[in-house]
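**Student:** Below is one structure. I have some questions about it.
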Amino acid sequence: MTDRSFDLAGLVRDVPDFPRPGILFRDITPLLANPAGLSAAIDGLTDLCRPLAPDLILGIESRGFIFGMPVADRLGVGFVPARKPGKLPAATYAAEYDLEYGTDRLELHQDAIVPGQRVAILDDLIATGGTAAAAVELVERAGGTLAGFGFAIELTGLGGRAKLPDVPIVSLLSYD
Ligand code: AMP
């Protein structure tokens, strides 16, 4: 089991007013750079995601790749990337989501999921939930069964959970 007494939160750097005034950016790069922190974060997220019993981890570009791939490896399952527009070479499904100004899009290879596979969606952080909700649309279009969500960080005050289906949502760290 993971040593939960490790001070992971102490390795997340708060950067005010990035990328825009009023946003408090939770910067995980000090955590990733710290060997014990990195290991504790991946171990912790793996322990939290194991009960979701996924057949596949879907990671959201790009920080969802950082956490999703090692968790998939430790759980002994595969990893598929949901990418920004125009990056995936074969036929894709696309899902749009709202940003503060305008929209963005995530894409997934049409054959990334074997219909019926249980898919857990991983990202570094959930804020409003819009990005994760777009990933849900991709899993559904590809015929996957949603197993749950794993996040390194949850910003609870933004109510992102309310945008997501009623499946388990696990996070290592949460902030109001
Ligand atoms: P949302 O779609 O609002 O849930 O935003 C989630 C995505 O935006 C994640 O991929 C995060 O990497 C990024 N993000 C949103 N807010 C923050 C924040 N305060 N600090 C760091 N990353 C953030």
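The values are calculated or read from the model by the stated rules, or taken from the named source; none is laboratory data. Predicted model, so just to flag it, every value in this text is computed and none were measured. Cβ: placed from backbone, ideal geometry, glycine included. Neighbour counts: every protein chain shown. Areas reflect the complete protein model, heavy atoms only, side chains present, ligands, DNA and RNA absent. Shrake-Rupley method; radii C 1.70, N 1.55, O 1.52, S 1.80 Å.
**Student:** Do you know which residues across the range 104-157 are assigned to a loop (DSSP other than H, G, I, E, B), open to solvent by 10 Å² or more (accessible area, probe 1.4 Å) and farther than 26 Å from Ala90 by Cβ?
**Tutor:** Within the range 104-157, Ala127, Thr128 meet the criteria.
**Student:** Also, I was wondering about something else. Can you report the number of residues in the range 104-121 which are in contact with an Asp or Glu (Cβ under 6 Å, 6 or more places away or on another chain) and more than 25 Å from Arg50 (Cβ to Cβ)? Can you show your working first?
**Tutor:** Taking the range 104-121 and keeping what is in contact with an Asp or Glu (Cβ under 6 Å, 6 or more places away or on another chain), we get 105, 117-118.
Keeping just the survivors that are more than 25 Å from Arg50 (Cβ to Cβ) gives 105.
So the answer is 1.
**Student:** Here is a further query. Write out, first by first residue and then by second, each pair whose Cβ atoms fall under 8 Å of each other, whose residues are 6+ apart or on separate chains, and whose first residue, in the range 4-23, is farther than 14 Å from Gly44 by Cβ while the second is aromatic (Phe, Trp, Tyr).
**Tutor:** Asp14/Phe25; Val15/Phe25; Pro16/Phe25; Phe18/Phe25; Pro19/Phe25
**Student:** Evaluate the following for Asp47: is it charged (D, E, K, R), open to solvent by 50 Å² or more (accessible area, probe 1.4 Å), more than 25 Å from Thr128 (Cβ to Cβ) and assigned to a helix (DSSP H, G or I)? Break it down into steps so the answer makes sense when it comes.
**Tutor:** Details: charged (D, E, K, R): yes; open to solvent by 50 Å² or more (accessible area, probe 1.4 Å): no; more than 25 Å from Thr128 (Cβ to Cβ): yes; assigned to a helix (DSSP H, G or I): yes.
So Asp47 does not fit the description; no.
The rows are residues; the columns are (1) under 26 Å from Ala41 (Cα atoms); (2) small (Gly, Ala, Ser).
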residue	(1), (2)
Gly76	yes, yes
Phe79	yes, no
Pro89	no, no
Leu99	no, no
Gly102	no, yes
Val136	yes, no
Arg141	no, no
Gly159	yes, yes
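**Student:** Can you confirm whether Leu58 is touching a residue at least 60 places away in the same chain (Cβ under 8 Å), open to solvent by less than 70 Å² (accessible area, probe 1.4 Å) and within 16 Å of the ligand (Cβ to nearest atom)? Full working, then the answer.
**Tutor:** On the way: touching a residue at least 60 places away in the same chain (Cβ under 8 Å): yes; open to solvent by less than 70 Å² (accessible area, probe 1.4 Å): yes; within 16 Å of the ligand (Cβ to nearest atom): yes.
Yes; evaluated as a whole, the condition is true for this residue.
**Student:** With respect to Pro21, determine if the residue is part of a loop (DSSP other than H, G, I, E, B), surrounded by fewer than 14 Cβ atoms within 10 Å (Cβ to Cβ) and not acidic (Asp, Glu).
**Tutor:** Criteria met by Pro21.
**Student:** Taking Glu100 and the conditions (1) charged (D, E, K, R); (2) surrounded by 15 or more Cβ atoms within 10 Å (Cβ to Cβ); (3) within 12 Å of the ligand (Cβ to nearest atom), which numbered condition does it fall short on, given that it satisfies the others?
**Tutor:** Of the numbered conditions (1) charged (D, E, K, R); (2) surrounded by 15 or more Cβ atoms within 10 Å (Cβ to Cβ); (3) within 12 Å of the ligand (Cβ to nearest atom), the odd one out for Glu100 is (2).
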